[in-house]
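Contents: one structure, followed by commentary.
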Amino acid sequence: MTTDRQRGVVLYSMAAVLLAGGAAWWLVTAPDDTKPTSQAQQWRQAAERLLPDVGTQEDGATLTLNPGAEQAISTEVSFGQYSVAMVCVGGAGSTVRVSLDNPETPDFSGIGGDSGLGMSCEQERSPETFPVQLSDALRMTVSAGQDSEVVFRYSLVRIG
């Protein structure tokens, strides 16, 4: 015949074994938070690595655009010379077109009227960088191509 003390030891021992087994199961099956779970998250990490934030930037953001989507960006700045850097990452055939909506910005087309700067996003590339004179705001429109979702990242740094 077992005593109350022996039953208590067995009960507590079994609880400890169940607790240890549950903790081991949780550690083995817990999701790995360091590994991106989706392709878009991997592209976002690549874009942030290719164009990291710097302490001197006036503005910057990372956008995820669905195929065919268009996103307007506007940020107020003071008068001066700025450098705009842009990068995009996406699937096969992915592209973006960036149009600057400021009258004092460069004409990418070279023929008058900004038709936009086309960028391929399907392979990791160095950021596109160009100077721009701004009086009150940076206004641009980013349009994703029809082939794939893309991650677009830009940075605006004052240079003058």
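Odds and ends about this structure:
- Peptide packing for 132-143, 13-24 was compared via the average number of neighbouring C-beta atoms within 10 Å per residue; ordered from the highest value, the list is 132-143, 13-24.
- Rounded to 10°, Cα long-axis angle of helix 4-29 versus longest principal axis of the chain: 20
- Of the solvent-accessible surface of the chain, computed with a 1.4 Å probe over protein heavy atoms with every protein chain present, carbon and sulfur atoms account for 55 percent.
- Most mobile listed residue (T64, T29, T75) in the chain, GNM with C-alpha springs under 10 Å: T29
- Surface per residue (accessible, 1.4 Å probe) for the chain, Å²: 61
- R5 versus D147: modelled label distance in nm, points set 7 Å from Cα along the beta carbon direction: 7.9
- Per-residue [θ]222 nm for the chain (sum of -39500 (n - 2.57) over DSSP H runs n ≥ 4, rounded to 500): -8000 deg cm²/dmol
- Against the chain, whose longest principal axis comes from its Cα atoms, helix 39-50 is set at around 60 degrees.
- Calculated percent of Cα pairs over 20 Å apart (choose from (1) 48; (2) 60; (3) 56), label: (2)
- Its relative contact order, with pairs defined as Cα atoms under 8 Å and 6+ residues apart, puts the chain at 35 percent.
The values are calculated or read from the model by the stated rules, or taken from the named source; none is laboratory data. Just so it is clear, the model here is predicted, and its values are computed rather than measured. Cβ atoms come from the backbone with ideal geometry, glycine included; neighbour counts cover every protein chain shown. When the accessible area is computed, the model is the full protein with side chains, heavy atoms only, and any ligands, DNA or RNA have been set aside. Shrake-Rupley method; radii C 1.70, N 1.55, O 1.52, S 1.80 Å.
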